[in-house]
Number of protein chains: 2
Amino acid sequence: MKTRDKILLSSLELFNERGERNVTTNHIAAHLAISPGNLYYHFRNKSDIIYEIFLEYEKLVDFYLDIPEDRAMTLDDMTFYLESVFDGLWSYRFFHRDLEYLLDSDQRLRQDYRDFTNRCLASISRIFEKLAEAGIIEPQEEDLRSAMSLNVWLVITNWMAFLKTAHAAEESACLTLTELKQGIYQVLTLEIPYLTPAYRERVMALREKYRPALHDRDDLNATLCK
Amino acid sequence: MKTRDKILLSSLELFNERGERNVTTNHIAAHLAISPGNLYYHFRNKSDIIYEIFLEYEKLVDFYLDIPEDRAMTLDDMTFYLESVFDGLWSYRFFHRDLEYLLDSDQRLRQDYRDFTNRCLASISRIFEKLAEAGIIEPQEEDLRSAMSLNVWLVITNWMAFLKTAHAAEESACLTLTELKQGIYQVLTLEIPYLTPAYRERVMALREKYRPALHDRDDLNATLCK
DNA sequence: GTATTATTAGAGTATATACTCTAGTGAGTC
DNA sequence: GACTCACTAGAGTATATACTCTAATAATAC
């Protein structure tokens, strides 16, 4: 693997693990056992590394959220979208953590992220529309649909922060993809009132699969997360 | 005013304006025209300043979210809760921005914030319960009510981050309380399906008051925010 | 007044951080 | 063998950051 790609990979790994704020370019170089000079041969600065990682993230989510227009939408599609988006969020989880700072220090990123958000919102709204066409949810006026889409987006992008901050015993590193996907339970909660009678049972059953475990997770975590 | 209080006030002001990450103890001292030594006479370190500011924030929100148990809830109560919570969010807006980092660097804060979140969630849930008792929304099972409360919390705490990141032309400083309160529109969107026929019209009218302006706000901002 | 205590200034320190500069090395080309 | 060129090492730099230390001044108690 090329040094350049190794830098991107290690950076992402370290950022996700410790948070961008706690990872310096020297840390990245040390982690790869290369010199800082070498790192700066491949990237002009830290922002450039982050920007390239964002482009990957963007590409991934755009790929996941591609809506097929030649056929009706199924419940499986919806499940796929939810699972995928949370997968993406997990793989690039450092990003939303320090989002505001990152956008403040890179105007390119700010602009691109804005467009990205708008594309995501449009996709979510389109998914709702197609779910209605498929008779899974009741059709809604566009106004309501976009407000709902925005709420879905807010829940999705804030779910991880909630997990990491609301559970005292957990360190940041101490978070599993499974827990993250309990966010799906929250998203489906938003849909409940709009489900058609024909699909209500099936969606509720799907939602049940993601229900957070009831017991206090602290003990479990103690064993799971060293 | 005591130097100690001035430090807290200036810190909050600078944190809100520039973000905690961009404000050093030296900046705070310089802003007050006092020496760093003086600042460190009053506070052991930066974390202690942040912690005390959090305690204020916590106290304020706890005060706002006190639910009177001796009478029924009105629509005005609900409006007050929403307005107040967003006021609090505005006054201490730096806090949620760097939340994860702050909690990672101060265990007291982590524990306290966790308890704070849980109290807020309980209050939101209790508000829903009392809104149902008052015939404003349909009563719901506890399960659903707590999932809904959590969604409300996620929307509220993430609304500002959304505003600051989704609008490219806006600098962080460039955000008004009015815009922030459009978050109320989003929260009321969550309630729509649960409104009783008796109150539906009134709540929808209330919601309308917070609807975000339709036009592209960039031009307006250019004039409003220097 | 004198003693004590609270407060303040301001220079200083140890460490970290993002990034630069110079001097290479090694693989391929002619 | 001479030359090129992508790549790398590693020491070094300017600046910033959180925080400390000492000495001095103001406020208060007796």
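The values are calculated or read from the model by the stated rules, or taken from the named source; none is laboratory data. The structure presented is a predicted model; accordingly, all values stated were derived computationally and were not measured. Reconstructed Cβ throughout: ideal geometry from the backbone, glycine too, with neighbour counts over all protein chains shown. Ligands, DNA and RNA are excluded from the accessible area calculation, which covers all protein heavy atoms including side chains. Shrake-Rupley method; radii C 1.70, N 1.55, O 1.52, S 1.80 Å.
In region B:24-55, how many are in contact with a Ser or Thr (Cβ under 7 Å, 6 or more places away or on another chain) and closer than 25 Å to residue B:114 by Cα?
So the answer is 4.
Is region B:73-94 home to any residue that is open to solvent by less than 20 Å² (accessible area, probe 1.4 Å) and within 16 Å of DNA strand D (Cβ to nearest atom)?
yes
Which of the following residues is within 13 Å of DNA strand C (Cβ to nearest atom), loosely packed, with under 13 Cβ neighbours inside 10 Å and more than 14 Å from chain A (Cβ to nearest Cβ): B:33, B:29?
Step by step, each of B:33, B:29 is checked, and only B:33 is within 13 Å of DNA strand C (Cβ to nearest atom), loosely packed, with under 13 Cβ neighbours inside 10 Å and more than 14 Å from chain A (Cβ to nearest Cβ).
Determine which member of the set B:156, B:136, B:124 is among the β-branched types (Val, Ile, Thr), within 11 Å of another protein chain (Cβ to nearest Cβ) and crowded, with 20+ Cβ neighbours inside 10 Å.
Just a single option satisfies the conditions, and that option is B:156.
Quick one: would you say residue B:102 is under 22 Å from residue B:55 (Cα atoms) and touching a helix residue (DSSP H, G or I) at 6+ places or on another chain (Cβ under 9 Å)?
yes
Within region B:1-39, track down each residue that is touching a residue at least 60 places away in the same chain (Cβ under 8 Å) and part of a loop (DSSP other than H, G, I, E, B).
Within region B:1-39, B:19 is the sole residue that qualifies.
Looking at region B:15-30 only, could you name the residues that are β-branched (Val, Ile, Thr) and either near DNA strand D (Cβ under 8 Å from one of its atoms) or over 15 Å from residue B:48 (Cα atoms) (or both)?
B:23, B:24, B:25
List pairs: first in region A:186-211 and outside any helix (DSSP H, G or I), second of a type in the set (A, V, I, L, M) and open to solvent by 40 Å² or more (accessible area, probe 1.4 Å), Cβ under 8 Å, 6+ apart or cross-chain?
Within 8 Å, the pairs are A:195/A:204.
Before we move on, is residue B:155 at pLDDT 95 or above, touching a strand residue (DSSP E or B) at 6+ places or on another chain (Cβ under 8 Å) and in a helix (DSSP H, G or I)?
no
Got at least one residue in region B:54-72 being within 16 Å of DNA strand D (Cβ to nearest atom) and open to solvent by 30 Å² or more (accessible area, probe 1.4 Å)?
Among the residues of region B:54-72, not one is within 16 Å of DNA strand D (Cβ to nearest atom) and open to solvent by 30 Å² or more (accessible area, probe 1.4 Å), which makes the answer no.
Can you find a residue in region B:43-53 that is away from DNA strand C (no atom under 16 Å from the Cβ), among the aliphatic types (A, V, I, L, M) and either open to solvent by less than 50 Å² (accessible area, probe 1.4 Å) or in a helix (DSSP H, G or I) (or both)?
Yes, the conditions are met somewhere in region B:43-53.
Which fully enclosed helices (runs of 4 or more DSSP H) of region B:66-150 have 3 or more residues being closer than 21 Å to residue A:160 by Cβ and charged (D, E, K, R)?
Per the criteria, B:107-133.
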